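See below for the structure under consideration.
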Amino acid sequence: MVANDFLSAFIMFFDLVGEGFVALALGFSSAPTGIGFLVGALLVFFLKSALPVSFEVESLTVISRLANRDWKSMAHMVLTAGVIGAILGGTGLYGHIVSFIEGPILSGLMAGVGVLLCRVALDLSKDNKYIGGASIGVAFLTFFLFKHDENNLFYALMASILAGVIVSRFVSFEPIVKDFSKERIRLIPLDGFRFLLDRKILHGAFALLALRTGTSIAYSGIDSQLSGLPVNVDHSNIISGVSGAASALFGGAPLEPIISVTAMAPTPHYAAAFMMAVMGVLLLIGFLPRIGKYLPLGCIAGLLFLLGSAIAIPDNLPGVLTDMDSISGPVTLVVTAATFDPLLGIISGILVRFLIGF
């Protein structure tokens with residue numbers, strides 16, 4: 001590893017911490033997630049992957065919503081999705097699935113998820129409109145003020161959290177972390193694996209897999225361009241599946257493919273593995289919860305709303321309609337946004353494509 005490998009990893013820590021706060025706010029445990037980060041770091045290193053996995057706002061949002069923020073249900077969903085995803089990646093089937101939904105269905109899925117992020121941001125702002133409003137307003141102001149700087153999203157993240165914290169000094173607020181009992185590392189109740197027959201758990205697991213299929217395409221392409229290296233989506237799903245399952249076994253969050261500046265490092269897989277390993281250690285020693293008890297829940301609204309309205313929706317909307325297919329993309333978008341369910345969105349888009357084809 002060289003200096004620029006460490007530098008790229010250091011820059012990404014701030015993004016990981018910001019999205020880690022989202023995970024805590026939505027009910028996931030951080031210390032158990034540290035185990036998943038360490039497992040993922042080893043896999044990234046040995047598979048030489050330029051695509052790291054980490055907290056991902058989209059997957060955190062979908063799982064917490066489908067499980068109604070029930071800790072055990074979320075863990076079971078993530079564990080099930082992790083095992084299935086690792087099997088699909090290990091057998092090479094994920095690559096075929098990814099190829100099938102590329103195009104309007106993928107664009108519709110990601111744009112629909114952008115709408116979901118906006119809705120969650122507004123929900124988080126309801127309890128304290130001053131904190132949420134300040135976070136959202138400052139996030140947009142900073143993002144567009146530095147629109148010519150490639151780090152503008154990072155600046156917006158930090159500024160929006162700071163704005164929420166400042167406003168919280170003048171009003172009462174609910175902290176991001178208020179229950180430290182979930183930070184104990186202990187095996188989740190497996191209930192004889194009966195959850196594998198639970199329709200709600202299976203629904204959530206396949207919704208997470210559906211979303212991962214979309215992010216594997218969207219984010220691997222960007223990381224591949226940054227690194228100049230091909231990204232193996234089957235490998236990324238093995239990494240995501242195994243590390244997510246390791247995290248979920250103890251109540252941690254899903255770990256999904258992300259866009260990372262470590263892809264620009266001289267040795268991308270070293271930088272990504274180092275970043276994930278250090279983050280894993282920080283989570284295990286309780287770094288995030290110690291800070292989170294001083295942060296208002298509404299301070300993350302700016303990041304969520306910005307990611308949805310200024311990035312996910314505008315970046316994907318142009319691809320929803322094509323000359324060859326003008327229906328499956330919009331259907332995927334509308335169903336995903338209306339139901340808060342990527343699985344239903346993808347199934348709807350595929351059905352429409354099938355009917356049009358015949």
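The values are calculated or read from the model by the stated rules, or taken from the named source; none is laboratory data. Just so we're clear, the structure is a prediction, and the values are computed from it rather than from any experiment. Note that each Cβ is placed from the backbone with ideal geometry, even for glycine, and that neighbours are counted across all protein chains shown. Note: accessible area is taken over every heavy atom of the protein model, side chains too, but ligands, DNA and RNA are not part of it. Shrake-Rupley method; radii C 1.70, N 1.55, O 1.52, S 1.80 Å.
The rows are residues; the columns are (1) among the acidic types (Asp, Glu); (2) on the phi > 0 side of the Ramachandran plot; (3) modelled with pLDDT under 85; (4) touching a Ser or Thr at 6+ places or on another chain (Cβ under 6 Å).
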position	(1), (2), (3), (4)
Phe10	no, no, yes, no
Asp15	yes, no, yes, no
Phe28	no, no, no, no
Leu47	no, no, no, no
Arg65	no, no, no, no
Asn68	no, yes, no, no
Tyr94	no, no, yes, no
Pro104	no, no, no, yes
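Looking at region 177-225, which of the residues that are among the aliphatic types (A, V, I, L, M) and touching a Ser or Thr at 6+ places or on another chain (Cβ under 8 Å) is most open to solvent (accessible area, probe 1.4 Å)?
Here the residue is Leu196.
Of all residues in region 20-61, how many are under 15 Å from Gly82 (Cβ atoms), part of a helix (DSSP H, G or I) and open to solvent by less than 10 Å² (accessible area, probe 1.4 Å)?
The qualifying residues number 7.
Can you name every one of the helices (runs of 4 or more DSSP H) wholly within region 85-156 that holds 3 or more residues which are farther than 20 Å from Tyr219 by Cα and open to solvent by 30 Å² or more (accessible area, probe 1.4 Å)?
Passing ranges, in order: 104-126, 129-145.
Only one residue in Leu141, Leu211, Leu187 is of a type in the set (A, V, I, L, M), touching a residue at least 40 places away in the same chain (Cβ under 8 Å) and over 23 Å from Glu58 (Cβ atoms), so which one is that?
Leu187
Can you spot a residue in region 292-309 that is in a loop (DSSP other than H, G, I, E, B), open to solvent by 60 Å² or more (accessible area, probe 1.4 Å) and in contact with a helix residue (DSSP H, G or I) (Cβ under 9 Å, 6 or more places away or on another chain)?
For region 292-309, residues in a loop (DSSP other than H, G, I, E, B), open to solvent by 60 Å² or more (accessible area, probe 1.4 Å) and in contact with a helix residue (DSSP H, G or I) (Cβ under 9 Å, 6 or more places away or on another chain): present.
Conditions tested, residue by residue: (1) open to solvent by 10 Å² or more (accessible area, probe 1.4 Å); (2) under 18 Å from Gly82 (Cα atoms); (3) in contact with an Asp or Glu (Cβ under 9 Å, 6 or more places away or on another chain).
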| residue | (1), (2), (3) |
| --- | --- |
| Asp234 | yes, yes, no |
| Gly244 | no, yes, yes |
| Ser247 | no, yes, no |
| Ser260 | no, no, yes |
| Val278 | yes, no, no |
| Ile311 | yes, no, no |
| Asn316 | yes, no, no |
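If I ask for residues that are among the small types (Gly, Ala, Ser) and open to solvent by 30 Å² or more (accessible area, probe 1.4 Å), which ones from region 159-176 would you list?
If the condition is that a residue be among the small types (Gly, Ala, Ser) and open to solvent by 30 Å² or more (accessible area, probe 1.4 Å), then Ser172 is the only one that fits.
Yes or no: region 264-278 includes at least one residue that is outside any loop (DSSP other than H, G, I, E, B) and hydroxyl-bearing (Ser, Thr, Tyr).
Checked region 264-278: at least one residue is outside any loop (DSSP other than H, G, I, E, B) and hydroxyl-bearing (Ser, Thr, Tyr).
Yes or no, residue by residue, for (1) modelled with pLDDT under 85; (2) within 24 Å of Gly319 (Cβ to Cβ):
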| position | (1), (2) |
| --- | --- |
| Ala121 | no, yes |
| Gly137 | no, no |
| Thr142 | no, no |
| Val165 | no, no |
| Lys182 | yes, no |
| Ile188 | no, no |
| Gly192 | no, no |
| His203 | no, no |
| Leu209 | no, yes |
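Can you name the condition, by its number, that Ser220 falls short on among (1) polar (S, T, N, Q); (2) closer than 21 Å to Phe100 by Cα; (3) modelled with pLDDT of 80 or more?
(3)
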